Each structure stands twice: as C-alpha cells, then as structure tokens.
Amino acid sequence: MQKQNLFAMEDLVPVMNSFFAEDKKVIVTAVGNSMSPLIRHKKDAIVLEAFNNQQLNIGDMVFFKRKDGK
C-alpha cells in the first residue's frame, strides 16, 4: 500500500502548477462527498493535468483558478 499524505489545497496548488509547467500529471485521492456518487470519498483517484486547448470529452471535469486566485 502506498503512503498517503494530506495537504491543504492552498499548499498543493503551487506544487501542481510546477508539475503542469513540465507537462506532468498530478494524481490525488478524492476527499469529501460533494461529487458523490460520481466520485467516492477516499476511494477514487483523480488525475489532474494542464489544459492545452485539447478537446474535452464526456466525463472530463475542469478544475480552474479564478482571477482572484481562488
């Protein structure tokens, strides 16, 4: 079993951005129930990658940062 670490989103975003700048993916475990039953708490992995104007497909979800940084 892989070791898991919990990070606050505000701490994770700069790390994610550095990965995206290198065209790498970030895999996180879902925490919370706001997307249930589609995404299950602590059971499903989410793969994040930078959007480079590629086509979105059914089932893709968009994660974005607003101009105010949130």
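The values are calculated or read from the model by the stated rules, or taken from the named source; none is laboratory data. Fair warning: this is a prediction, and the values are worked out from it, not measured in the lab. So basically every Cβ, Gly included, is an ideal-geometry build from the backbone, and we count neighbours across all protein chains shown.
Couple of notes before you dig in:
- Unmet criterion (only one of (1) touching a helix residue (DSSP H, G or I) at 6+ places or on another chain (Cβ under 9 Å); (2) within 23 Å of Asp68 (Cβ to Cβ)) for Gly32: (1)
- A Cβ distance below 7 Å, combined with a sequence gap of six or more or placement on separate chains, defines the contacts here; from the stretch 2-23, residues that are within 18 Å of Phe64 (Cα to Cα) reach residues that are of a type in the set (A, V, I, L, M, F, W, C) and modelled with pLDDT of 85 or more in the pairs Met16/Val26; Met16/Leu48; Phe19/Val26; Phe20/Ala50; Asp23/Ala50.
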